[in-house]
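One structure is given here, and the rest of the page talks about it.
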Amino acid sequence: MGKSSKDKRDVYYRLAKEEGWRARSAFKLLQINEDFNIFDGVKKVVDLCAAPGSWSQVLARKLRVGNAKDDDVKIVAVDLQAMAPIPGVVQIQGDITKTSTANEIIQHFEGEHADLVVCDGAPDVTGLHDIDEYIQAQLLLAALNITTHVLKKGGNFIAKIFRGKDVSLLYSQLKIFFPLVSVFKPRSSRNSSIEAFVVCQNYSPPDGYIPNMANPLLDHHYDLDYNNLTGPNRVIVPFLACGDLSGFDSDRTYPLQLPGRQYEYHAPTQSPINPPYQEACQLRRTDKLSKPEDKLAKPEDKLAKPADKLAKPEDKLAKLDMENTEKAVAKTSNWNSQDDEDKSINEEKLTQHMENVNLQ
Ligand SMILES: C[S@@+](CC[C@H](N)C(=O)[O-])C[C@H]1O[C@@H](n2cnc3c(N)ncnc32)[C@H](O)[C@@H]1O
């Protein structure tokens, strides 16, 4: 590829170099500002996932107008990766999913809160859209979590989002904290990308909400943190134990003869309809059910008389079992003419019997 071919293909890449931005992403923040005036009255900003730093450059240029040193302005940029210094920007190399990073940001504001939090975070994409969307959503939730620690009430939050099929869940989560949530696709964001930006205005956490970094989706300590939350931070679904608590315990075994009651056997109220073993019963009736010994039998055994096979005492037991089975099967062969009670008794006995003789 020639030196100028990328310049030709991507106008924002070329313009970024011409105007001194570290990345073409600078135009995305500038274009969001054209529509939403996000820098109005803003002095303290957090730039999450900031490297290589073009958004921090935009913030520094917009907030520190005309290069005049304005002590009130504070810009804190955070990224996993190291960034080259930018005048007027405090840099933290850290992970936005960690409480320690939130605390470090807060320390830089000396107890005050930010007016604006921006996040252009993106994981290394895999090309598998579902996974990429999921990880991006997790990063956005981490950014939202950290935002609840550092943003002042009434402040704004802007973050990159992947508009996948489950994006409405993210919008709903954001709406818990911001009454106004809009989605914006800047001209400089390629149409082929599912990337867009949420502009969340007027931070208004639920009454009594205490920011926390418990994010059950990002780490695997769901039980550790999440169940210890209280007040509006925790959603408790009502659980109701019903029935007489002094009644029978369904996990215990009781004697047949219960105090004050005479035990009497009752057949099941409804026998199984079309049970899976019904075909086996029919095959057995017509002697078509294969037996394990058939498969193992040698050719000369096939010539032997049935009586020969049952010569040993244990064979006699087997014969007895077979005869009982046949009787039981014969009983069930007139199922249609029997009443339901008989059917279910027979079927129960047959099933029990078949289990006993281990018929296949
Ligand atoms: C698209 S780049 C940001 C570009 C930046 N806005 C700019 O204008 O130069 C995405 C950044 O997200 C960062 N990132 C991803 N996961 C992160 C995490 N858990 N904590 C902090 N930064 C993260 C990456 O290191 C990467 O630098």
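Things worth noting here:
- Charge context of residue 49, other residues only, Cβ under 9 angstrom, K/R +1, D/E -1: -2
- Residue-count net charge about residue 24 - beta-carbon cut-off 13 Å; Lys, Arg +1, Asp, Glu -1: +2
- Ordered by the number of other Cβ atoms lying within 10 Å of each residue's own Cβ, fewest first, 125, 78, 58, 167 fall into the sequence 125, 167, 58, 78.
- Counted by Cβ distance under 12 Å from residue 3, the other residues give a net charge of +3, where Lys and Arg count +1 and Asp and Glu count -1.
- Sparse packing (at most 15 other Cβ atoms within 10 Å of the Cβ) combined with a DSSP loop state is found for the following trypsin sites (Lys or Arg not before Pro) in the range 81-162: 98.
- Cα gyration tensor shape for the range 5-233, rounded if a/c is under 1.5, else prolate or oblate: oblate
- In the range 47-123, the GluC sites (Glu not before Pro) that fall in loop regions by DSSP, at most 12 other Cβ within 10 Å: 110
- Fraction of beta bridges assigned by DSSP in the range 5-233 that are antiparallel (%, nearest 5): 35
Every number here is computed from the coordinates shown, using simple stated rules; none is lab data. For clarity, every value in this text was computed on a predicted model and none was experimentally measured. As a convention, Cβ positions derive from the backbone with ideal geometry for all residues, glycine included, and neighbour counts pool all protein chains shown.
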